[in-house]
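The values are calculated or read from the model by the stated rules, or taken from the named source; none is laboratory data. Bear in mind the structure is a predicted one, so any value in this text is a computation, not a measurement. Cβ placement follows ideal geometry from the backbone for every residue including glycine, while neighbour counts extend to all protein chains displayed.
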Amino acid sequence: MAKVSMTVNGRAVSGDVAGNRLLVEFLREDLRMTGTHVGCDTSQCGACVVHVNGKAVKSCTMLAHEAEGATITTIEGIASPDGTMSRVQQAFQDHHGLQCGFCTPGMVMTATKLLEQNPTPTEAEVRHALEGNICRCTGYHNIVKAILAASGQDVSKIAAE
Amino acid sequence: MYAFDFEKPTTVAEAVAALADDEAQPLSGGQTLIPTLKQRLAMPSKLVSLTGIAEMQGVCTNDAGQLCIGGATPHAVVAAEAASKYPALSALASNIGDPAVRNRGTIGGSVANNDPAACYPSAVLASGATVVTNNREIAADDYFQGLFSTALEEGEIITEVRFPVPQAANYQKFVQPASRFALVGVFVAKFADGVRVAVTGASNDGVFRWTEAEKALSANFSPDALNGLSVSADGMIGDLHGTPEYRAHLIAVMTKRAVAAAS
């Protein structure tokens, strides 16, 4: 066991954790922040995506100790403190970009990072960016549509699927 | 995962010292190693992280004009920083795995692991790159020694990979859609003194050079130069995704596409 300290959603946190503690375990089980999900636990599904020092990473495939000193943003840190949803979150609601919602935290974190790096992506670029996020409900169409809408592009001509 | 100790040194010398312990293992981006540990397929006593070593990060050009990439540089950084100098390498890096994997996975980790379906080994071999470690320089032709097997000694760390920049190059990957690894990937690089062709994803022995195609393309760098050439299915990987014959056929197809895209 060794101490690890980091900043999560603006709050300084620390804990005494084993070398093999995963970042997602530290977030969910030690900090009790269960918005970040574990789907596959094999770094394929992307439900566990968080931002570490401004980069989207799969928190099930990073050790907690690797995040020593890091600045972390999780899905709990995406909405405004007053509860107003981010434009990506709002677009997911407006365009029915979720059904069961299990993959949604990871989808929102990946999409938020995409739009920071590429403010007006094409549909192909959105789909490329989502390659590491698996959804078993929606068939992706409305997720892609929501992200395009969040980027300010006109999605009225994209048929509802 | 079994229990292990964790260390995060800040210099190569400290990392080498930490790896001298029995059963210690280096950890780079962890995108292969952590899933392996979860399956309890490895049981290191200690993991030595290489991600906090500043001298192993980043992309630069040396006096010989080679592109030098620090061993712990993530794929996303290579994709961004090699784009103007070596576009084919940048394109390869930008299609490994997915965005989150590219933010953690590193070139040194990929080349050290030498997965038979990984992308980077084909670029290293086709470029005639040099694998630089904490104690020597290894030519790509001597480095790759078969399935998950390399010239690296126990505890030896890849600190840098140096790529000569070709006149023209392209990487074509036939994606295995579930894993996003290469079912077959072909990297073609044209230099002033000849063409090199490296194939990943196909062979039971890992990445290899298709010398017959290299000879034909060195004489005539066009897709037509490959007409009539084929690779034997002997020794090719056969699994539920494709037979040896299918992979052998794909090698010629992907090589032609790479030459067409590069020329």
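Of the strands (runs of 3 or more DSSP E) lying entirely inside the range A:39-88, the ones with 2 or more residues being more than 7 Å from chain B (Cβ to nearest Cβ) are found at A:49-52, A:71-73. For the range B:30-59, filtering for residues that are facing chain A (nearest Cβ under 9 Å), assigned to a loop (DSSP other than H, G, I, E, B) and touching a Ser or Thr at 6+ places or on another chain (Cβ under 7 Å) leaves 4.
A quick yes/no check of all residues on (1) part of a strand (DSSP E or B); (2) farther than 21 Å from B:T11 by Cα:
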| site | (1), (2) |
| --- | --- |
| B:V131 | yes, no |
| B:E153 | no, no |
| B:V165 | no, yes |
| B:Q172 | yes, yes |
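In the range A:16-59, what residues are surrounded by fewer than 16 Cβ atoms within 10 Å (Cβ to Cβ) and of a type in the set (S, T, N, Q)? Hits for the range A:16-59 are A:T34, A:T42, A:N53. For the range B:151-203, filtered to residues that are modelled with pLDDT under 95 and either of a type in the set (G, A, S) or in contact with a helix residue (DSSP H, G or I) (Cβ under 6 Å, 6 or more places away or on another chain) (or both), the residue that is surrounded by the fewest Cβ atoms within 10 Å (Cβ to Cβ) is B:A178.
For the range B:176-219: of the residues being of a type in the set (D, E, K, R) and part of a strand (DSSP E or B), which is farthest from B:P164 (Cα to Cα)? Checking each candidate, the answer is B:R209. Among the conditions (1) more than 20 Å from B:A100 (Cα to Cα); (2) surrounded by fewer than 18 Cβ atoms within 10 Å (Cβ to Cβ); (3) touching a residue at least 24 places away in the same chain (Cβ under 8 Å), A:V13 misses just one, which is (3).
Can you name the residue in the range B:1-16 that is surrounded by 15 or more Cβ atoms within 10 Å (Cβ to Cβ) and outside any loop (DSSP other than H, G, I, E, B) and, of all such residues, is farthest from the other protein chains (Cβ to nearest Cβ)? Step by step, filter the range B:1-16, then rank; the result is B:V16.
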